[in-house]
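The values are calculated or read from the model by the stated rules, or taken from the named source; none is laboratory data. Since we're looking at a predicted model, the values are computed, not measured. Here the Cβ is made from the backbone with ideal geometry for all residues, glycine too, and neighbour counts use every protein chain on show.
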Amino acid sequence: MEKSNKGVKLVGFWVSPFVQRVKWGMKLKGIEYDYIEEDIFNKSPLLSQLNPLTGKVPVLVHDGNPLPESAIILEYLDERWPHAPLLPLDPYERAQARFWARFVEEKILESTRLAALRSEGEIQEREVKLAIEHLEKMEEKLGGKSRFFFGDDTIGYVDLMMGFVAYILPVWEEITAVRILDAARFPNLAAWKNNFLNHPVIKDDLPSKDEMLTYFQWRRKVNLKKI
Amino acid sequence: MGEVKVIGGWFSPFVKRVEMALKMKGVEYEYIEVDVVNKSPLLLQHNPIHKKVPVLLHDGKSIVESAVILEYIDEVWEGPNILPKDPYERAMARFWANFIDEKCAPATRKALWSRGEEREKAVEEATQGLKILESEVKGKKFFGGDQIGYVDIIGCFLAYWFPIVDQVVGLHLFTQDKFPSLCKWADELCDNEFIKECLPDKERLVDRVRGHSQAPRSL
């Protein structure tokens with residue numbers, strides 16, 4: 001009997017913040033899915049088949065149709081399962097959400113990841129400075145008025161994209177002994193982080209801190225060619 | 001449907017994306033040319049974070065980033081669909097647009113403007129990207145199918161700007177032999193009534209590029 005292609009599968013890697021966003025999105029919408037853990041350092045033929053272009057996780061497979069890229073997957077989830085919307089309904093607000101999501105990805109994720117995992121000395125200092133500058137924009141955006149980025153009570157698209165700041169950045173700060181998200185300097189972001197991590201959908205679905213510490217310490221050593 | 005303005009630079013393919021989309025939807029707008037090099041105050045006011053063109057002003061509210069603007073235009077105005085209606089096809093359109101902007105655009109820019117080993121590497125990367133697009137568009141009139149869509153508009157710089165600069169700098173990467181389907185797509189695209197209206201004058205573009213050959217800068 002042929003196995004049915006119907007249903008939702010998610011191919012991921014346990015520590016990837018990109019995969020985590022999609023998991024949160026699915027949970028917020030109550031979407032049932034099969035999770036397939038992939039060892040990204042020993043990629044299976046499945047991943048090359050599903051995402052021949054980049055070979056990266058996450059890949060969502062819906063009724064046999066593969067879809068990579070976390071931001072694109074989240075928009076897809078929103079369109080296929082319109083209840084519990086992740087993006088605002090108003091077109092101008094949606095444009096703002098997309099703008100900020102890109103900013104988070106291209107500026108904040110880039111600079112924090114470079115600072116934490118791929119640099120040291122002067123270059124690291126520069127990236128830390130940049131990361132702080134970029135975070136100041138998010139701090140301003142929150143403005144101390146709402147609990148989350150686009151809706152007061154609900155986590156949305158931008159919160160999910162920023163999610164790594166709440167649970168991975170502290171790990172990165174610990175392994176490099178740099179301070180990027182200082183609560184005193186970023187009171188709005190600190191409050192957001194707290195609200196985010198305490199949200200019922202988020203708090204029960206985070207990788208173990210110890211495992212993340214071990215993993216990222218190893219990644220940093222590999223990237224800086226220290227092992 | 002409100003007051004619409006586009007803040008832009010005449011040579012910018014990113015700005016033209018926005019104009020193409022507005023024309024496709026039959027939206028009237030005022031075009032405002034600004035000094036992108038010296039960052040006109042209008043630009044700093046409406047795009048304080050990135051300080052770049054294009055900016056779409058709709059009833060005074062600003063929307064920036066061409067791909068984001070295109071989605072906004074599609075959502076706000078009636079008319080031909082820019083993105084497909086089916087969610088999976090929309091997602092794939094976004095995927096290809098992303099591929100073009102994140103992989104092909106930087107690679108082609110570097111291939112045109114860098115030197116030595118960096119250029120060799122960039123040429124290889126650009127060729128890879130173009131090959132992938134070649135196979136994606138093969139057998140189709142446009143990336144969007146029979147009608148021009150999101151991916152075609154996003155990719156338009158490859159159809160018009162890139163071949164022009166390619167010839168001027170003498171790289172000769174975008175040729176009929178290497179990329180027959182892409183070249184055919186480029187011709188079809190540039191022949192479309194809405195697209196054609198937006199393309200900057202070739203000679204003027206060549207002059208600007210020649211001016212840059214002395215001091216390479218991004219297009």
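Out of B:MET20, B:MET92, one residue alone is out of contact with any strand residue (DSSP E or B) (no Cβ under 9 Å at 6 or more places or on another chain), on the phi < 0 side of the Ramachandran plot and part of a helix (DSSP H, G or I). It is B:MET20. Checking each residue in the stretch B:69-86 for being under 18 Å from A:ALA95 (Cα atoms) and either within 7 Å of another protein chain (Cβ to nearest Cβ) or small (Gly, Ala, Ser) (or both) picks out B:GLU71, B:TYR72, B:GLU75, B:VAL76.
Residues in the stretch A:114-150 that are within 28 Å of A:GLU93 (Cβ to Cβ) and either in contact with a strand residue (DSSP E or B) (Cβ under 8 Å, 6 or more places away or on another chain) or surrounded by 15 or more Cβ atoms within 10 Å (Cβ to Cβ) (or both): how many?
Qualifying residue count, the stretch A:114-150: 15.
Every test in (1) in contact with a Ser or Thr (Cβ under 6 Å, 6 or more places away or on another chain); (2) at pLDDT 95 or above; (3) in a loop (DSSP other than H, G, I, E, B) is passed by A:ASP152 save one, and that test is (2). With respect to A:GLU174, determine if the residue is part of a helix (DSSP H, G or I), away from chain B (no Cβ under 14 Å) and not hydroxyl-bearing (Ser, Thr, Tyr). Yes, satisfied.
Just to check your reading of the model, which residue among B:LYS121, B:LYS103 is part of a helix (DSSP H, G or I), more than 20 Å from the chain's Cα centre (by Cα) and within 30 Å of B:GLN167 (Cβ to Cβ)?
Exactly one of B:LYS121, B:LYS103 is part of a helix (DSSP H, G or I), more than 20 Å from the chain's Cα centre (by Cα) and within 30 Å of B:GLN167 (Cβ to Cβ), namely B:LYS121.
Given the condition modelled with pLDDT of 95 or more and assigned to a loop (DSSP other than H, G, I, E, B), answer yes or no: does some residue in the stretch A:122-136 qualify? Taking every residue of the stretch A:122-136 in turn, none turns out to be modelled with pLDDT of 95 or more and assigned to a loop (DSSP other than H, G, I, E, B). From the list A:GLY30, A:GLY12, A:GLY25, the one residue that fits, being of a type outside the set (S, T, N, Q) and on the phi > 0 side of the Ramachandran plot, is A:GLY30. Counting the residues of the stretch A:102-138 that are within 13 Å of another protein chain (Cβ to nearest Cβ), among the acidic types (Asp, Glu) and more than 15 Å from the chain's Cα centre (by Cα) gives 2.
Applying the criterion of at least 1 residues that are among the hydrophobic types (A, V, I, L, M, F, W, C) and modelled with pLDDT under 95 to the helices (runs of 4 or more DSSP H) found wholly in the stretch B:148-219 leaves B:161-169, B:193-198, B:202-214. The single condition from (1) in contact with a Gly (Cβ under 9 Å, 6 or more places away or on another chain); (2) hydrophobic (A, V, I, L, M, F, W, C); (3) in a loop (DSSP other than H, G, I, E, B) that A:ILE202 fails is (3). What residue, among those in the stretch B:28-49 that are assigned to a loop (DSSP other than H, G, I, E, B) and closer than 22 Å to B:CYS198 by Cβ, is nearest to the other protein chains (Cβ to nearest Cβ)? Taking the candidates together, the pick is B:ASN47. Annotation for the stretch B:107-117: no member residue is among the β-branched types (Val, Ile, Thr), within 14 Å of another protein chain (Cβ to nearest Cβ) and in a helix (DSSP H, G or I).
Checked against (1) among the acidic types (Asp, Glu); (2) at the interface with chain B (Cβ under 9 Å from one of its Cβ atoms); (3) over 19 Å from the mean Cα position of the chain (by Cα), A:ASP90 meets all criteria but (2).
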